[in-house]
1. Taking the residues in segment 16-58 that are over 17 Å from A77 (Cβ atoms) and among the β-branched types (V, I, T) as candidates, determine which candidate is modelled with the highest pLDDT.
2. Return the residues of segment 57-111 that are small (G, A, S), closer than 15 Å to G34 by Cβ and loosely packed, with under 14 Cβ neighbours inside 10 Å; say none if nothing qualifies.
3. When residues of segment 69-94 are filtered for being under 19 Å from S107 (Cβ atoms) and part of a loop (DSSP other than H, G, I, E, B), how many remain?
Amino acid sequence: MRGGVLMRKIIVIAIIAAFLAITIYSVFVADGRGQALYNQHCSACHARGIAGAPIFGDKDAWASRIVKGMDVLYASALNGLNGMPPKGGKMEASDDEIKIAVDYMVSQSSR
């Protein structure tokens, strides 16, 4: 009986540790990568609205895009839209990296 209780406690601790790891990754690593990619690449157009790009932080410019949903925003970023080439021209970036950059831009530009 005592071994079963110990095993359950270990499982609970492992689950809590996993959730903490995911949270820490989401808050500190993913956000930092999104901001870094934005600063290094996306800001070339999104800081000034070049070729119709919604300006970073402009809640009004982003609102009509955000309302369409994240899947639509991801597809636009990954496949290109209007003057923006696929992945904003950063073809060496993974799809997940592009999505993290989009998440960062949306998080700083939503109401």
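The values are calculated or read from the model by the stated rules, or taken from the named source; none is laboratory data. Keep in mind the model is a prediction, meaning the values are calculated, not measured. Note: ideal-geometry Cβ built from the backbone for every residue, glycine included; neighbour counts use all protein chains shown.
1. Once the filter is applied, the top-ranked residue is I16.
2. Once the filter is applied, which keeps residues that are small (G, A, S), closer than 15 Å to G34 by Cβ and loosely packed, with under 14 Cβ neighbours inside 10 Å, segment 57-111 yields G57, S94, S107, S110.
3. Total satisfying the criteria: 2.
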